[in-house]
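Q: What follows is a structure written as structure tokens; I'll ask about it next.
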């Protein structure tokens, strides 16, 4: 039902109710007022009649004469209640009237000075209004009138009021129709405008300019449309820019909604995943790679997936998946194929070069040792030979470290785990260092319980421990303390080496496990370091599914710790 119809029906209902209530209330009020006025008039007539009723007057003749003058029925009653005169009865009929002493109006008149009652007359058979007043000596003068006349007046008044109400109803309906058109016309226009705006027609504006709330609403709709158009243009521009940026990325970007539908995928993502379906399309059309599908499921469940790799169609891809706050997820794909190929080439090159250098370095070292022994005591020639031998040793260590690192990274080596008594293994590893460090007054401290057993490859463990001890001895000044500790934590065993050296600045700490990275290159070369020790440690620990960490404070020392998972 439209608003105009509701307004007309509402006006009709309101006016109808008002007319009905007015007719009902006015009828009751008019009847009561007419009754009151009639009682007062009849009381005045009765008092006049009472003054005319003297002992010498014939009551019946007086009643008949009063009837002729007043036009109302007149009854004269003595103190005993007998009717002495009645304008409606004469002779035998008058004598046959019953005693009126108990009539309500008579009793009330004797008690209060005036009495009235409304009832059906037993003698007349019609409803009448009786008014009685005392006439002296206990006598009562009563005047009555038929109530039919009062009812006629009330009915006529109600009829006139009803007719007036009907006219008022028609006028109200006409005014309501005009008012409803004035109200609904601007509302209809606002409805059409807002519907057009919701449908995308942002150029529509309300033409209404009216005072009051409707005009304010039209102005608000106009401002809303202008702001909405501005914001949508800005959003469209931003979306176009974002789309261009995403399409220009060399990384693949895939957006998935909460229903596992692909709602956006850039050119690189299509090439890497080999999909050409128009969006949106179900995620089941993506390659059925377990790593990819697991990453997508984890992200849709609110978990972040980072640094995950998989092989899809001959390409090595790095996966990152993040959930969206409104549901869904975003996958980022990076092609590592070229990088992995370069790493393989580099690793093979390093391994090949290291193998090729190993033989000549051995020969150089041997000849240098021979020359140094034969030229001992001959001055500068012996010093030259010792320098050649020292550098050959350093190059030999570098080649050995490169071969070890290449062997670990190539995947050709896998740890063969065995139970290692940490306390005994550490004590054995420290033996060569005690004599070496005695001149520098370095002290070793061991904090390892005898019961701690490590499940790891023995050769890898010894190489790891030697590299950590070499670093600590190399960079700890005289009178320093090197502590080797082990403890059970997080379901595994942590082995660490702490020193009291100069420490490492925070900007270098995150890179010390990179190959050939040196905090102080000049000092590292003079100390004989290759820059590969901590890189080898990192690879050995990760080969055991562990992790290595470093903590350092400048001026107070460094701690490098390796965590190994417990044996299952």
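Every residue, every condition in (1) over 18 Å from residue 251 (Cβ atoms); (2) assigned to a strand (DSSP E or B); (3) modelled with pLDDT of 85 or more, yes or no:
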| residue | (1), (2), (3) |
| --- | --- |
| 270 | no, no, yes |
| 278 | yes, no, yes |
| 284 | yes, no, yes |
| 295 | no, no, yes |
| 340 | no, no, no |
| 347 | yes, no, no |
| 352 | yes, no, no |
| 355 | yes, no, no |
| 359 | yes, no, no |
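Q: Residues in region 250-269 that are farther than 20 Å from residue 299 by Cα and surrounded by 15 or more Cβ atoms within 10 Å (Cβ to Cβ): how many?
A: Number satisfying all stated conditions: 1.
Q: Hey, any hits in region 38-55 for a residue that's surrounded by 13 or more Cβ atoms within 10 Å (Cβ to Cβ), in contact with a strand residue (DSSP E or B) (Cβ under 6 Å, 6 or more places away or on another chain) and farther than 18 Å from residue 115 by Cα?
A: yes
Q: Residues of region 456-486 being touching a strand residue (DSSP E or B) at 6+ places or on another chain (Cβ under 9 Å), in contact (Cβ under 8 Å) with a residue 40 or more places away in the chain and surrounded by fewer than 18 Cβ atoms within 10 Å (Cβ to Cβ), which ones?
A: Selection gives 458 alone.
Q: Next up: Which of the residues belonging to region 241-259 are in contact with a helix residue (DSSP H, G or I) (Cβ under 7 Å, 6 or more places away or on another chain) and within 20 Å of residue 312 (Cα to Cα)?
A: Answer for region 241-259, where residues must be in contact with a helix residue (DSSP H, G or I) (Cβ under 7 Å, 6 or more places away or on another chain) and within 20 Å of residue 312 (Cα to Cα): 249, 250, 251, 252, 253, 254, 256.
Q: Would you say residue 118 is modelled with pLDDT of 80 or more and either in contact with a helix residue (DSSP H, G or I) (Cβ under 8 Å, 6 or more places away or on another chain) or part of a helix (DSSP H, G or I) (or both)?
A: Taking the combined requirement at face value, the residue satisfies it.
Q: May I pose another question? Which of the following residues is in contact with a helix residue (DSSP H, G or I) (Cβ under 9 Å, 6 or more places away or on another chain), at pLDDT below 90 and part of a loop (DSSP other than H, G, I, E, B): 519, 541?
A: Criteria check complete, one pass: 519.
Q: Failed condition for residue 111, given (1) part of a helix (DSSP H, G or I); (2) modelled with pLDDT of 85 or more; (3) in contact with a strand residue (DSSP E or B) (Cβ under 9 Å, 6 or more places away or on another chain), with all others met?
A: Failing condition for residue 111: (3).
Q: Here are some residues: 397, 389. Which one is at pLDDT below 70, under 30 Å from residue 357 (Cβ atoms) and either part of a helix (DSSP H, G or I) or not assigned by TED's automatic domain parsing to the domain that holds residue 538 (or both)?
A: Only one candidate qualifies: 397.
The values are calculated or read from the model by the stated rules, or taken from the named source; none is laboratory data. Quick caveat: nothing in here was measured; it's all calculated off a predicted structure. Virtual Cβ from ideal backbone geometry, glycine too; neighbours counted across all protein chains shown.
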